[in-house]
Each structure stands twice: as structure tokens, then as C-alpha cells.
Amino acid sequence: MFAYSFRADMRGSFFQPWQPTLEQYQSLASTGSYWRLLRVSTITAFLISSIAVILSYPIAYFLAFHARQRFGFYLVLLLVPFWTSYLLRVMAWKIMLGTEGVINSFLIYIHVIQEPLTALLYNRNAVVITLIYVWIPFATLPILAALQRIDVSLFEAAADLGARPLRQFLRITLPLSLPGIFASFFMVFIPTVGEYVTPLLVGGSRGSLYGNIIQDFFTKAANWPFGSAMSMVMLAGTLIFVAIATRLINLRDLLE
């Protein structure tokens, strides 16, 4: 794909001599709509990652400190979604959010609405809701691993010094779990930036992300060089975030 991004077109075999060119990158740089969509995709991925981490933290906290003998059972419940096809989970939300889905049917049944809501599906909100659900089990695991490494004697020492549970959480639990939070956030953020399956199924034309445009250039438009250039730009941005995540996690580990 890196090599294809420097081709002017798809004429000729890949192994035949061809002249490298920056034409695809120049075309991409001059088209503002693609950059706006990349910005929207980045913001959407940031929102999804943040909410997924916020919702995953209480789950990980409960498993680490309150599950006790039932830890294995609750962990299995958390991992149950992994046993189901990703597409089936996304399609389940498509059914739930549809005009005749569970949510609309329930709202009509309790007489909150008279007509089905069409705003629940085929927009960016549907993409956000679905991806948050999909990523919560993934986001929980790094946080759980970080919480399990905390020495419980620290809480006993803090309690002996008069620290209340909230202060113990703010001064011990939260700081020591930051590596897991960072890892969880970027583990969700990085693949979400290029997500195209979920926006295609539940987002429709109003919920398209940057990955959907790349897919179109590789399939519908059959313009692999331009699709490759778009992929390389997204990859470069992703690698920057990976570098930031690695530095943050390593720095936190050194502080521990």
C-alpha cells in the first residue's frame, strides 16, 4: 500500500517499472473534504474511547476489589461478547435502533411517542452508541490488569492514616491505574479512527467515517493509489498517537 500510494494510476503490473510520484498526496492535500472527514473521525473516535473508558472503569474496579470468589464467573460474563461474531453484535444494535426495533416498540408501548423515531439509526449517534458497546469489554481488560497490580496494603496504610475511601481512590487507586487507563483509551481509539464496518451498517450516509471513504476507493472507485495515500495519512496519524500512548504509559511506570 505504501508503494501504491506513490503510483499515478493502476495501469500496468505492480512489478513492472513505474515512476514514483506525489500526485496522490497532492490531490489529497488539496481536497478539504477528506481532511474534514478525518477530523470528524478523530473526534468521534476520541469521544467513543473516552466514554468506553469511563464506563469500563467501574466494571474493572468491581472485578478487581469486590468480585472475590465470583471473580471468574463475572469475568466470563464480561468475555461472553467475544464468543459472538462482531457483525452479529453490530446487527443486533441495528435491529434495536430500527424503526420497528426494541427501543421504538417500547417507547410506543408506554405511550411516550406515537410514531417511531427515525433519528436512532443511520447517523453518527448510532455509530457512537454501537461502538461504545462493542469496545467496553476490550477497554475493561487493561484497566483490570492495572488495578490487580495495586498492593492492597496501600489501602490499609491509608486507612490507618485517616484517609477516607474517596481520598484513597483519588490518591492511590486512580494514579496507579493510569497506565491501564491510557492503554485502554488508545486500544479503543486507534482502530476506531479507521472503522468502516459499523458506520456502514448502522451509520448510513450520514454516519460515514474516514475508513468508509478509503473502502470506497479500494472497491467502488477501484482507485488503489489514492486509497493507499489516504491510508498512509491515517497510519501516520495513528503512529503519532501510538508514540504518545507508549510514552505516557512508560512515564507512568517509571513514576510508580
Practice item. Scan the range 58-69 residue by residue and report those that are surrounded by 11 or more Cβ atoms within 10 Å (Cβ to Cβ) and either over 26 Å from the mean Cα position of the chain (by Cα) or over 29 Å from Arg124 (Cβ atoms) (or both). Key: Tyr61, Phe62, Leu63, Ala64, Phe65, Ala67
Check your understanding: Taking the range 1-38 only, how many residues are closer than 17 Å to Gly227 by Cα and either touching a strand residue (DSSP E or B) at 6+ places or on another chain (Cβ under 7 Å) or not small (Gly, Ala, Ser) (or both)?
Key -> 23
Review point. Could you list, in sequence order, the residues of the range 83-108 that are of a type in the set (Phe, Trp, Tyr) and more than 18 Å from the chain's Cα centre (by Cα)?
Key: Trp83, Phe106
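Residue-wise test of (1) of a type in the set (Ser, Thr, Tyr); (2) surrounded by fewer than 17 Cβ atoms within 10 Å (Cβ to Cβ); (3) at pLDDT 90 or above; (4) over 14 Å from Val202 (Cβ atoms).
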{"residue": "Thr99", "(1), (2), (3), (4)": "yes, yes, no, no"}
{"residue": "His111", "(1), (2), (3), (4)": "no, yes, no, yes"}
{"residue": "Thr130", "(1), (2), (3), (4)": "yes, no, yes, no"}
{"residue": "Trp135", "(1), (2), (3), (4)": "no, no, yes, yes"}
{"residue": "Ala139", "(1), (2), (3), (4)": "no, no, yes, yes"}
Point to revise | Residues located in the range 220-242, provided they are under 17 Å from Glu195 (Cβ atoms) and modelled with pLDDT of 90 or more | key: Gly227, Met230, Ser231, Val233, Met234, Leu235
**Study point:** Pairs with Cβ under 6 Å, 6+ apart, first in the range 111-130 and touching a residue at least 40 places away in the same chain (Cβ under 8 Å), second part of a loop (DSSP other than H, G, I, E, B)
**Key:** Leu121/Gly98
Review point. Considering Ile108, Ile51, which residue is touching a Pro at 6+ places or on another chain (Cβ under 9 Å) and among the hydrophobic types (A, V, I, L, M, F, W, C)?
Key: Ile108
**Study point:** Gly72 being surrounded by fewer than 15 Cβ atoms within 10 Å (Cβ to Cβ), of a type in the set (Gly, Ala, Ser) and more than 19 Å from Ala146 (Cβ to Cβ)
**Key:** yes
Review point. Out of all the residues in the range 150-209, which are under 30 Å from Ile244 (Cα atoms) and among the basic types (Lys, Arg)?
Key: Arg167, Arg171
Review point. Are there any pairs, at least 6 apart or on different chains, whose C-beta atoms fall under 6 Å, with the first in the range 176-189 and without any contact (Cβ under 8 Å) to a residue 12 or more places away in the chain and the second assigned to a helix (DSSP H, G or I), and if so, which?
Key: none
Exercise for review: Could you tell me whether any residue of the range 47-61 is part of a helix (DSSP H, G or I), in contact with a helix residue (DSSP H, G or I) (Cβ under 7 Å, 6 or more places away or on another chain) and more than 30 Å from Asp151 (Cα to Cα)?
Suggested key: yes
Check your understanding: How many residues are exposed (fewer than 10 other Cβ atoms within 10 Å of the Cβ), more than 33 Å from the chain's Cα centre (by Cα) and of a type in the set (Ser, Thr, Tyr) when one looks only at the range 3-39?
Key -> 1
Exercise for review: With the checklist (1) within 22 Å of the chain's Cα centre (by Cα); (2) buried (at least 19 other Cβ atoms within 10 Å of the Cβ) in hand, flag the one item Ser205 doesn't pass.
Suggested key: (2)
Revision key, fill the gap. Gln215 vs (1) touching a residue at least 60 places away in the same chain (Cβ under 8 Å); (2) in contact with a Gly (Cβ under 9 Å, 6 or more places away or on another chain); (3) over 23 Å from Ala245 (Cα atoms): all pass except (1)
Check your understanding: Hey, does the range 19-32 have a residue that's aliphatic (A, V, I, L, M) and over 29 Å from Phe218 (Cβ atoms)?
Key -> no
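The values are calculated or read from the model by the stated rules, or taken from the named source; none is laboratory data. What you see is a predicted model, and the numbers here were worked out from it, not measured in a lab. Cβ coordinates were reconstructed from backbone atoms using ideal geometry, including for glycine residues, and neighbour counts include every protein chain displayed.
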